[in-house]
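Engineer: Here it is: the structure, laid out below.
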Amino acid sequence: MKKLLQIVFLSLAVTLSAVEGLAQTNVYYPFPDSNAVWREYESGTYASSPPVGECYDYENRYMGDTIIGAFTYKKIWKYGAHYGYNCSTYINPINYYVGAIRQDTLQRKIYFLPPFQNTDTLLYDFNLSLGDTLPPSYTNCTTNIVSSVDSVLVGAMYRKRFGLGYTYLIEGIGNTFGLLQPICFMLEPGSQLNCFGIVK
């Protein structure tokens, strides 16, 4: 009887552990409140004779808040460097304001306000299901359908991930091409999110 109870407790512990693991993907992880950094890289070969490659190595980061109308936004600045001549020669620094974002955590949506504009537009919708079509947004440049929904380990937590066939949307981070990069298939130029983090 004692051995049977041990097996029952072990089975229960395994079941609870599995349920707890599944429940992690049901918890919504919004964008951070402060100190977020998206490290990104763009490269491509442009038509010329001979073809010349250019690269952009930069990061988007929070740089304070701004209140516009009834909403509080996080200001985003881009810092880095532009390289030319097949990505081997430094051309100029990158240092400018790219816009601001705000969150609606109840709706699981992120909005973007470009510079010199008064109205924001949808940037990300993380309230999606398998088979959903991405709504029109600042980054969505084609018809994108959610082809998979799973989770990915980010730090110590699992976050929901939405597959689009050639890129992913990840809760609280953005897309794997970069924070503000177009969500569409492109051969040239290409971009990628190298890492995401919180700067202390």
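Engineer: Find out how many positive minus negative residues lie around ILE68, taking Lys and Arg as positive, Asp and Glu as negative, among other residues whose Cβ is under 11 Å from that of ILE68. Display every interim value, and only then the final one.
Structural biologist: Numbers: positive: LYS75, ARG102; negative: ASP65, ASP120.
Residues close to ILE68 contribute a combined charge of 0.
Engineer: Beta carbons within 10 angstrom, averaged per residue: use that to sort the peptides 120-131, 149-160, highest first. Write out the running numbers ahead of the final one.
Structural biologist: Working: 120-131: 16.9, 149-160: 14.6.
Highest to lowest by the protection proxy: 120-131, 149-160.
Engineer: Given contacts defined as C-alpha pairs under 8 Å and at least six residues apart, what's the relative contact order of the range 71-189, whole-number percent? Don't skip to the answer; put the middle values down first.
Structural biologist: Working: 209 pairs, mean separation 16.3, N = 119.
14 percent.
Engineer: Taking 0.36 nm per residue of separation and subtracting the Cα-Cα distance, what length does fully extending MET157 through TYR96 add?
Structural biologist: Details: separation 61, 0.36 × 61 = 21.96 nm, distance 3.22 nm.
Taking MET157 through TYR96 to full extension adds about 18.7 nm, to one decimal.
Engineer: Label ASN127 and ILE145 with points 7 Å out from Cα along Cα→Cβ: what is the distance between them in nm?
Structural biologist: Modelled inter-label distance: 2.3 nm.
Engineer: Determine ³J(HN,Hα), in whole Hz, for all residues of the range 162-171 in sequence, where each value follows from phi through the Karplus function 6.51 cos²θ - 1.76 cosθ + 1.60 and θ = phi - 60°; x replaces Gly and Pro.
Structural biologist: For the range 162-171, the Karplus curve yields 10, x, 10, x, 10, 8, 10, 9, 10, 3 Hz.
Engineer: Then there is this: Might you tell me the accessible area per residue for the range 142-194, computed with a 1.4 Å probe and given in Å²?
Structural biologist: Details: 2440 Å² over 53 residues.
Value for the range 142-194: 46 Å² per residue.
Engineer: Moving to a separate point now. Within the range 58-200, what is the number of lysine pairs with alpha carbons under 19 Å apart, leaving out pairs fewer than eight places apart on the same chain? Walk me through the numbers on the way to the answer.
Structural biologist: Working: LYS74/LYS109; LYS74/LYS200; LYS75/LYS109; LYS75/LYS200; LYS78/LYS200; LYS109/LYS160.
Lysine pairs satisfying the spacing and distance rule in the range 58-200 number 6.
Engineer: Given charges of +1 on the Cβ of Lys and Arg and -1 on the Cβ of Asp and Glu, with all other atoms neutral, how large is the dipole of the range 61-110 about its Cα centre, in debye to the nearest 20?
Structural biologist: Working: 7 positive and 2 negative charges, 29 e Å.
Dipole of the range 61-110, to the nearest 20 debye: 140 debye.
Engineer: Still on this model: Express the carbon and sulfur contribution to the solvent-accessible surface of the range 42-200 as a percent, rounded to the nearest whole number, probe 1.4 angstrom.
Structural biologist: Values: 4640 of 8550 Å².
Accessible surface attributable to carbon and sulfur in the range 42-200 totals 54 percent.
Engineer: Would you mind calculating the gained length between CYS195 and TYR166 on full extension (0.36 nm times residue separation, minus the Cα-Cα distance), in nm to one decimal?
Structural biologist: On the way: separation 29, 0.36 × 29 = 10.44 nm, distance 1.78 nm.
Extending this stretch completely gives an extra 8.7 nm.
The values are calculated or read from the model by the stated rules, or taken from the named source; none is laboratory data. Owing to the predicted nature of the structure, the values given are computational and were not obtained by experimental measurement. All Cβ positions, glycine included, derive from the backbone under ideal geometry; neighbour counts span all protein chains shown. Remember, those area values only see protein heavy atoms, side chains included, never the ligands or the DNA or RNA. Shrake-Rupley method; radii C 1.70, N 1.55, O 1.52, S 1.80 Å.
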